[in-house]
């Protein structure tokens with residue numbers, strides 16, 4: 001993709017855009033002049049992000065269930081219909097573990113996490129490839145949200161950790177397969193960004209040694225800026241894995 005196209009017509013899809021990291025990334029992209037298609041299960045939070053950015057002419061809310069391949073296909077079709085192409089997918093939508101130890105989970109609880117965190121990632125990745133390889137100019141960028149759980153688990157996190165490890169494999173494989181289509185694929189691994197879902201960490205969460213400890217947090221806007229940095233790279237360059245985390249959180253040496 002030429003620099004001229006990259007600057008004049010930059011179209012992004014952000015999944016899980018109604019809250020947390022997805023919201024921060026959507027706001028960062030919109031603030032930088034990107035046009036953004038915001039995807040999430042509920043329309044109201046997506047519209048609220050668009051209103052906050054005051055960028056209705058460059059934003060589109062598309063209610064989407066990433067675990068449903070037909071819903072994902074409709075998301076990409078809506079993006080192309082409105083904006084003509086897709087230059088970036090921030091493959092972000094995800095869910096946390098069922099409560100309690102994994103030996104007590106039901107098959108449905110396990111499958112629910114797999115359906116969103118792994119299958120949903122794949123469906124979005126697949127549609128992004130199909131769209132980006134066919135458009136002119138060809139190519140684009142995909143950023144998967146891996147989480148630092150793609151490297152190290154927390155206690156009682158088998159479903160989340162397993163799916164995030166799998167996302168790392170998807171990132172590597174898609175990065176290789178994307179070369180022939182001028183598609184760059186990378187991953188952002190986030191640790192302890194303050195969102196509604198992670199706020200509990202600032203009140204105390206279980207540690208590997210059995211204790212409960214309050215963990216340092218960072219502003220989620222920092223993650224949005226990390227995604228924006230990766231998004232704005234020319235396609236000749238790629239950040240394969242980018243870790244952004246609260247400096248003093250227990251990650252290096254976890255366990």
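Say whether the condition of being in contact (Cβ under 8 Å) with a residue 60 or more places away in the chain and either farther than 27 Å from residue 182 by Cα or touching a helix residue (DSSP H, G or I) at 6+ places or on another chain (Cβ under 8 Å) (or both) is met by at least one residue in the range 110-124.
yes
Would you confirm whether or not the range 131-145 contains a residue that is out of contact with any strand residue (DSSP E or B) (no Cβ under 9 Å at 6 or more places or on another chain), part of a helix (DSSP H, G or I) and over 21 Å from residue 233 (Cβ atoms)? For the range 131-145, residues out of contact with any strand residue (DSSP E or B) (no Cβ under 9 Å at 6 or more places or on another chain), part of a helix (DSSP H, G or I) and over 21 Å from residue 233 (Cβ atoms): present.
Within the range 223-243, the set of residues being surrounded by fewer than 18 Cβ atoms within 10 Å (Cβ to Cβ), in contact with a helix residue (DSSP H, G or I) (Cβ under 7 Å, 6 or more places away or on another chain) and outside any loop (DSSP other than H, G, I, E, B) comprises 225, 242, 243.
One residue stands out among those in the range 199-215 that are touching a strand residue (DSSP E or B) at 6+ places or on another chain (Cβ under 9 Å) and either part of a loop (DSSP other than H, G, I, E, B) or free of Cβ contacts under 8 Å to residues at least 24 places away in the same chain (or both): the one that is surrounded by the most Cβ atoms within 10 Å (Cβ to Cβ), which is 201. Condition test on residue 128, is it touching a residue at least 12 places away in the same chain (Cβ under 8 Å), under 17 Å from the mean Cα position of the chain (by Cα) and assigned to a loop (DSSP other than H, G, I, E, B)? Considered against the rule, which asks whether it is touching a residue at least 12 places away in the same chain (Cβ under 8 Å), under 17 Å from the mean Cα position of the chain (by Cα) and assigned to a loop (DSSP other than H, G, I, E, B), residue 128 comes out as no. Do we find a residue being at pLDDT below 95, more than 18 Å from residue 46 (Cα to Cα) and not in a helix (DSSP H, G or I) anywhere in the range 101-115? Yes - at least one qualifying residue is present in the range 101-115.
This table checks each residue for (1) part of a loop (DSSP other than H, G, I, E, B); (2) surrounded by 23 or more Cβ atoms within 10 Å (Cβ to Cβ); (3) out of contact with any helix residue (DSSP H, G or I) (no Cβ under 8 Å at 6 or more places or on another chain); (4) modelled with pLDDT of 95 or more.
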| residue | (1), (2), (3), (4) |
| --- | --- |
| 26 | no, yes, no, yes |
| 29 | no, yes, no, yes |
| 48 | no, no, yes, yes |
| 60 | no, no, no, yes |
| 74 | no, no, yes, yes |
| 96 | yes, no, no, no |
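Residue 165 satisfies every condition listed in (1) under 21 Å from residue 239 (Cβ atoms); (2) in contact with a strand residue (DSSP E or B) (Cβ under 8 Å, 6 or more places away or on another chain); (3) modelled with pLDDT of 95 or more except (2).
The values are calculated or read from the model by the stated rules, or taken from the named source; none is laboratory data. Since the model is a prediction, treat every value here as computed from it, not as a measurement. A quick note on method: Cβ atoms are made from the backbone with ideal geometry, for glycine too, and the neighbour counts reach across all protein chains shown.
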